[in-house]
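Here is the structure we will look at.
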Amino acid sequence: MEYALIVLFGLTILYISATSRLEVYINCLFIQGMLLFLLILLTMHDADIPVLLLLILETLGLKAILVPWFLRYIIRSNHIYREAEASLPHFYSVVLTTMIFIFSFFVAWWSTRLPDTPETVYFGVSIAVVLNGLLIILTRHKIITHVMGFMIVENGTFLLSLAVAREMPLIVNLGILLDIFVAVFLLGIMVTRIRSTFEELDIDMLTTLKD
Amino acid sequence: MKILIPVFNILLIIFFPLLYAGVINCEKAWWCGRRGPSIWQPFYDFVRLLRKGAVISTATSPIFAIAPSITFSTMLIAALVVPLANNNSLIGFPGDFIFFAYLMGLGKFFSLLAAMDTGSSFEGMGASREITFSTFVEPAFFIVLASCAILTGQTAFNQVFSLIFLSPGIKVLSLLLCSAALFVMLLTEGCRTPVDDPNTHLELTMIHEVMVLDNSGPDLALLTYAHYLKMVLISAMIVNIFMPVLDNSLLSACLFSAGLILTALAVAVTELSVARLRMSHVPQFVYFMNSLGYILLFSIILIAFSGR
Amino acid sequence: MSKDFLRFKNHQSVRTSDIPWLSAGLFRDTVLKACQEGTRPILLDATGSDRFTVVLADDREHSLLCAGCVLEGKSGYQSLSAEFPAFHMFERELWENSGIVPIGHPWLKPVRYPHNAIESREMTDYPFFSVHGEEVHEVGVGPVHAGIIEPGHFRFMCNGERVFHLEIQLGYQHRGVEQLMLKGNFFNKSVLSESITGDSTIAHVSAYCGALEALAGITLSTRALSIRVFAQEIERAACHFGDLAALANDVAYLPASSFYGNFRTPLINMLQSICGNRFGKGLIRPGGVACDISQSSLPERREQLKDIRASFRIITEDLFSSASVLSRFEKTGTVPMETAAEIGMTGLAGRASGLAHDIRVHHPYSWYKLNRIEPVTQTGGDVLARALQRRDEAEQSFELALKILDELPAGELRRPPETLQASSMAVALTEGWRGEVAHMAVTGADGKLTRYRVKDPSFTNWFGLALAVRNNEISDFPLCNKSFNLSYCGNDL
Amino acid sequence: MLQLLLSTPVVLSLLALAFRSKAFNKATLAFFAVFYFFCCLFLVVHPVPASSYFAVDGLNSIFLLLQSVVFLAALLYSIAFLTESGLTEEWQAYYTALMLLFAFCLTGLTLTTHLGLFWVFLEATTLVTTPFIFAEKKRTSLEAAWKYIFICSLGITFAFIGIILLSLGAKSVESLSFPDLYRQATEINSFWLSMAFVFLLVGFGTKAGLAPLHSWLPDAHSEAPPPVSALLSGALLNGALLGILRMLELMNRAGLGQYPRLLLICMGLMSLVICSVYTLKAVNYKRMLAYSSVEHIGIATLAFGVGGAAVLPGLLHLVGHSLAKASLFLSSGNIHHRYKTRDIAGVTGVLSSDPGTGRLWIAGFLMLSAFPPSPLFYSEFLLLKEMLVQRLYIPALMTALLLTLILLSMGSVVFRMAFGGNSSAKAEHSGYLFLIPQIILLAAAAAAGFIPSEFYAFLSRGVFL
């Protein structure tokens, strides 16, 4: 069950790589948040109450509800509904994503010969998700999509931390929580500002500062 | 009781394909608030076509005339190795899924040749589209089946599917990925809605329909039948992933039939809830099957063989 | 400028002797100047083998302009299409009907199968554009199609699935409508005009009646005008329903397709309950309307319209929130506003590209004169924009129809006209669901009809479709075609 | 004392937000500048015993002292800046509060000995400084702020992955605090530690502006107000580098010193190359200064990479660069205030139109380009010497050539701006508050250069590499 949840988490990335509709991205972010929440419930039920509460707050409250809601608010208020044209066709995007999955699983498989390896499926999927987040940032044009790519990277990192660092100190976790919260909201506000300054939320607009 | 299953399977191969089509059409009509054709309509059409004469264009070579029969017979032979009710295939031998894939390929090859043979620009276009999508489906099919084979340690169709349900640890995951991949294959090979539109009358957008545009009479009947048989076979694989081998043959046969009907309904629901993809976006959908296959393969390797 | 043109209003009769006749050079300069100032062509009409008139529409001044051109000898005149591509179809038609050659026309070939043309020409004699290259291939579709649609030949020049260019050849259905109008009694041509385009019955018959009534110099009661416009708006909404159903069907989104079709039926049945024909045939006749909307049925009709509108909204919400449908519609078959303006697109397709041409707004007639309406436009110019345009126009039609039912005044239904003014001309423009329908009638010195011209919006918009599919996939052509949904017989006449 | 140092800025920033009075802001800034300087000085002289999360050790005391001087200058300059810039009362309060929060984050960053907390503070500095960059609300400042926050957030995520990988390899270690890690360095799995180092280097290196992760730096530094630019260059980059240093030490103790050094040398040289390419065609003097920061951080990284006797010059280089660069950024603020342009072409004759600023501008440049008594002279000289000793001939040659190239191109720009005939504008001194901070910084730098032996003793406390 745990594995199925993790692989489903990976599949959301596959879906994102094939679509250009921002609503779908947001839905996938929501699903990712929910899956992380379920994973927490499945794997961390024996953790301390404050840690558990914090993790639930982070996954369910922040990743699944607040951030998707906020991103949806931004795209609604800015009337951006789709990624105009990714810089590479979606077919290649899907192929690349698949290759990333293969690569990550291979790395995870290879790492089993090392001591102290994390659970391989966690490890493989989280590497794949982080790399795919970067791929999305690299290949998409819209600023809002970059924020979503950033969120995907964050989600992948969170999965990785679930796998290996279950006894992370509370204070660090709190810091992460705060950072994600502030970073995403600051990014969101920037997006709105950029909208009002540039009229168009395309990354190509941000090329004034060049050498 | 043991003899009942093969008999049932033979009857299934003969009658189920047309019923399968009828179920899909009925479901779609009902959902849209129409009364729609009778569930037996495909049978009436089949009989009607068999009783008609065929018109064959003078511009075609003999390949056009024999291609429908070849497509039909390859599909019929393929039906022998696919496990049907109670995970029982009529004949089965190690590595028969490769045999199955090549039979499907042979049938497709001849239908492509026949389509090109007519010299019509539409049929050429349809053939080119069909072959493009097939190039994605075939390797993916091998990957999916190979990962199941690795998981179960068996290479015969019926053993693979009867054991996969019992594989420990990663049942949910393999069931999920395997059935999803095969469902994509079902939609692609069956030319159903996000890939193709079975109802369209527009030659420019057709894939499968346009390839049989020049066939008529018994030839068309055979092609239609072979097409639905292909869908039933793929559906049978999906159903068998979820079906354990039961001792009670009758119950098993009933459950299996119900499963097939459910897959037909699932196809219909998919067709109703999404619009058809843009032609240039179809490859990425079909490639999904590859992606799922790879993920399945590597997950199995990771989980089953990393010793954790 | 005003001296060079005769200026008049829509549905207004003017004396033919008032038309200024200019020499070819002066005519060209004058028309070009007017076009630069934003007027657009409505009709080119040859009155002889050496003279023709042009009718232009000036949307800003809400008036129509007319001027004539006299050619020296039979030398032809310098084509206007190079400067204003909007003229290219009109000039082809002019050449086909009268033999006047627009010199320097970029692609002079017949519009129709021309059995009424000056010389006998075979359509097959005329070439198609050809594209050469290793990987370029041509796909010809039609004139006989798989569905139950009218004949037309489409020649695609493609590279793989991508369309470089599409050339559309129509004219297989030419019936000689304009000639038939001149035969027999002009007062009895309602049925003929109703069958110019089967789905724009009301628009064409209204235009015919409008031209006739202007020539006869009669005015109608507000009740008659209201009923006509009611029928017009119902026709518009019903056709938009049908088109949205067809669009959904083309992307294989079955629920929307079925339900739009389902709700279209009660809508056109409303016309049937008024006049006995689902398409409104027999309702509109010269001098008024032949059937009345009974006062007692008004509340029921209002309820029915509101019910249909509620269902329409539900299914529209579903259609336009489906991601898979939107991804088919968006950025498919885009005609940018500049292109649309250049080739003179009108009506629904033009408004979807952002051109606010609407006869009901800019050249108001009958009921629309008394009730101002706001034009609805989109900006995208793609299939989505045309679909949204249909949604918004259908909404507007419901509103107008309900308003008419609310305010339906009492009055005389019909007063048949008897005579036409001699040596006069009238142009009647109406806004059908597809766009502007233009009918022009000219009478001779004896009060008999001498010329009758018809222009359907399809005539100008077909070329828009050809441009829309460029660089699209060939499999998206049916979708683009349906989003325009132009008339073959309206073009062929 | 630690608690006082960390809590004061937070309390004061809340007060500044609450009062929103111009006078209070200025008073706060002045008070805090002096308070912070003396507190830090006190802490350096009398180190407090380490708590579980914070400590003053040999390494971070150098950074602490350095940033206290830079803060002293930048905060004093801020008072003048706030008076002259037409910022609204509300924005002045925000400015003050954010400045104080920045001081808080930076102090935490320097003082913490816990890897996790270090990471949190590093991310917090990004969040706190972004509004400064955005303050002018122009297209360019918006763009710079976006790049800054986005690239740095991504980098920091990588650093987090590094932390996760480290904790994966360090299951046997009690906590992620550096003393614990150092003590049990050999028990950490070397593969995971190496992986963790790469990720942490990418993460911290992004923040430190090491090439090729520097792309945000020129934009952000050139768009920020002068005091903030000075702080970013003079304190924040050092802070991020501190993390790399601490990780480098861990790698050394785990016996994996070789390959991180190679990475650092590569990144250092790459920074030099990129900076030299840019300065050849510089058009914007603030951007030029920002690229020069990339260069000097690169030299310091190179020194740490070379290791051995080069570490101490590396630290000295950081000190010299921070002080000189902060003074140059502050002077550039004066120039911008007078000429209203950041284009090099639009500025000539600073010396004649504003003699004070002009002299400081040239003095700062000389200090930055390693003219004795600049500490950079010693550091660069010693670095080159050590490279030759270690037989790193090609890197040494590259460094020498690139340094000369950068000196030439930057010198021509600086002198073109300082001299040149702009006789029309009459000479006018900037206010004293616009000059004193630079004098403090340059005096401190010169002092560091003049008394190398005492200062070396202090610096060498930090060298445990």
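Each value in this text was obtained by applying a stated rule to the coordinates, not by laboratory testing. The structure displayed is predicted, hence computed values, not measured ones. Heads up, the Cβs are rebuilt from the backbone with ideal geometry, glycines too, and the neighbour counts pull from every protein chain shown.
Details
- Scaled radius of gyration (Cα, divided by 2.2 N^0.38 Å) that region B:4-305 gives: 0.98
- Centre separation in Å (Cα based) which lies between region C:399-477 and region C:3-42: 20 Å
- Considering only region C:6-111, percent of DSSP beta bridges that pair antiparallel, nearest 5: 75 percent
- Candidate lysines - alpha carbon under 23 Å from D:LYS22, same-chain residues fewer than 8 apart omitted: D:LYS137
- Per-residue ³J(HN,Hα) for region B:284-299, Karplus 6.51 cos²θ - 1.76 cosθ + 1.60, θ = phi - 60°, Hz, x for Gly and Pro: 5, 5, 5, 5, 3, 4, 4, 4, 4, x, 4, 4, 4, 4, 6, 4
- Sorted by Cβ neighbour density within 10 Å, fewest at the top, the residues C:GLU412, C:GLU233, D:GLU84: C:GLU412, D:GLU84, C:GLU233
- Mean Cα-pair separation over length for region C:6-111, i.e. relative contact order, pairs under 8 Å, 6 or more apart, %: 27 percent
- Viscosity 1.002 mPa s, temperature 20 °C, Stokes-Einstein D of the protein assembly as shown from Kirkwood C-alpha radius, µm²/s: 57 µm²/s
- The value of relative contact order for region B:94-228, using C-alpha pairs under 8 Å at least six residues apart, is 30 percent.
- Inter-part distance where region D:21-50 and region C:280-297 are each reduced to a Cα centre, Å: 92 Å
- C:ALA252 long-range amide H proximity, modeled H, under 5 Å: B:ARG276
- In terms of other Cβ atoms within 10 Å, D:THR140, B:THR193, B:THR224 run from fewest to most in the order D:THR140, B:THR224, B:THR193.
- Rounded to the nearest 20 debye, dipole of chain C from Cβ charges on Lys, Arg, Asp, Glu: 1200 debye
- Per residue of peptide B:291-300, the mean number of Cβ atoms on other chains within 10 Å of the residue Cβ is 6.
- For D:ARG461, C:ARG391, order by how many other beta-carbon atoms lie within 10 Å, fewest first: D:ARG461, C:ARG391
- Chain D: relative contact order in percent, alpha carbon pairs under 8 Å with at least 6 residues between: 16 percent
- Measuring between their Cα centroids, region B:1-35 and region C:331-375 lie 52 Å from each other.
- Structure remark: mean-square fluctuation, Gaussian network model of chain B, C-alpha springs under 10 Å; the largest value among B:ILE63, B:ILE261, B:ILE241 belongs to B:ILE63.
- Restricting region B:52-154 to trypsin sites (Lys or Arg not before Pro) that sit in a DSSP loop and have at most 16 other Cβ atoms within 10 Å of their own Cβ leaves B:LYS52.
- Check: the protein assembly as shown dipole with +1 on Lys, Arg Cβ and -1 on Asp, Glu Cβ, in debye: 1420 debye
- For residues of D:162-172, the mean tally of beta carbons on other chains within 10 Å: 5
- Seen through its C-alpha gyration tensor, with square-root eigenvalues sorted a ≥ b ≥ c, region D:317-465 comes out oblate because a/c lies at 1.5 or above while a/b is not bigger than b/c.
- Approximate spin-label separation D:THR83-B:TRP40, in nm, with each point projected 7 Å along Cα-to-Cβ: 10.2 nm
- Over 30 Å between alpha carbons, listed pairs A:LYS63/B:LYS171; C:LYS281/C:LYS306; C:LYS33/C:LYS482; D:LYS171/D:LYS385; C:LYS109/C:LYS369; C:LYS281/C:LYS331: C:LYS33/C:LYS482; D:LYS171/D:LYS385; C:LYS109/C:LYS369; C:LYS281/C:LYS331
- Nearest 10 degrees, 0 to 90: helix D:375-389 Cα axis against chain D principal axis: 40 degrees
- With Cα atoms, 0 to 90° folded angle of helix B:249-273 axis to chain B main axis: 60 degrees
- Peptide A:95-104 is shielded by partner chain Cβ atoms: per residue, an average of 3 of them sit within 10 Å of its Cβ.
- Cα long-axis angle, helix B:62-81 against chain B (0 to 90 degrees, to the nearest 10): 20 degrees
- Where both bridge residues fall in the protein assembly as shown, DSSP classifies roughly 90% of the beta bridges as antiparallel.
- Note on B:LYS52: aspartates and glutamates with a C-alpha under 17 Å away, same-chain residues under 8 apart excluded, are B:ASP214, B:ASP219.
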